[in-house]
Amino acid sequence: YWPVELLSWQELQDAADTAQGSGKEGLMSAMVIALRACPSLRKQWQPDHLTFWLQQLNNKTTNNNINSVETRRSIIAMLGILCSQEPHPVEVNQQVCSALLSTLTETSSAASSSNSDDAAAGITIPCEILNALMDMYGNDDADNSCYHGSVFESCQVLGHFQRSIPPLKSKLKQQERKLQQQDHNTEERMELEQLKEIVLNASRFVQYKKGQLV
């Protein structure tokens, strides 16, 4: 175990930028956990950190290293944590929300690709984005300084949810049928169940938000 909470955020970011393969994926996952658990790390984020990760969100290569699906998934999770657990300006919320929605649109059609990585991204990445957006806009209490309802409305987040959920449900059913024909896929089945739960929660989120508009 690497005691990531003893390092500065800049040190972690520099390490992630130079790491490769499974080492990078593992470090990024640890960074997500550390960011969620350590407020001191969240408060170290600077504008250039945000700019860096927003740029990497849709980049498949960084310094000639591959940004895998799991790496991009970690980036999305980090952005969601920052915007749901730390007070931030509306401009930052707008930047993050727009980037997430753009990535959602770009990856939603990828599941039909013959490339296995693109197909995985077409399910996993949209689900992770929906999860991050639910964190960002689910807690709309009046005293929540992290919530920016004006961005939720101006970016038409609810419409993106409504367009994304039906095809995701269909893709997940296809993946479930595929796994039923395979043996020794316990890990993939667990992953599938997690993604199905996210989509179910997203459907509930839509109903909750629509209820507020009545």
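The values are calculated or read from the model by the stated rules, or taken from the named source; none is laboratory data. None of these values were measured; they are calculated from a predicted model. Backbone-built Cβ (ideal geometry, glycine too); neighbour counts: all protein chains shown. The accessibility values were calculated without ligands, DNA or RNA, using every heavy atom of the protein model including side chains. Shrake-Rupley method; radii C 1.70, N 1.55, O 1.52, S 1.80 Å.
Structural remarks
- Estimated vicinal HN-Hα couplings, Hz - segment 146-162 in sequence order (Karplus 6.51, -1.76, 1.60; Gly, Pro = x): 8, 8, 10, x, 5, 6, 4, 6, 5, 8, 6, 4, 4, x, 5, 4, 5
- Segment 118-214 - accessible surface per residue (Å², probe 1.4 Å): 57
- Summary value for the chain: 17 percent relative contact order, contacts being C-alpha pairs under 8 angstrom separated by 6+ residues.
- For segment 153-174 and segment 17-59, distance of Cα centres in Å: 26
- Net +/- balance of residues flanking SER98 in space, Cβ distance below 13 Å, scoring K and R +1, D and E -1: -2
- Rounded to the nearest whole angstrom, the semi-axes of the ellipsoid equivalent to the chain, taken from the Cα gyration tensor as √(5λ), stand at 26, 25, 15, largest first.
- The candidates ILE33, ILE125, arranged from most to least accessible area with a 1.4 Å probe in the full protein assembly, appear as ILE33, ILE125.
- A Förster radius of 25 Å combined with the Cβ-Cβ distance from GLU191 to SER102 puts the calculated FRET efficiency at roughly 0.50.
- Pairwise FRET efficiency - GLN207 versus LYS43, Cβ, R0 = 35 Å, nearest 0.05: 0.50
- Local charge for GLN174 was computed over the other residues whose Cβ lies under 14 Å away, with Lys and Arg +1 and Asp and Glu -1, and equals +4.
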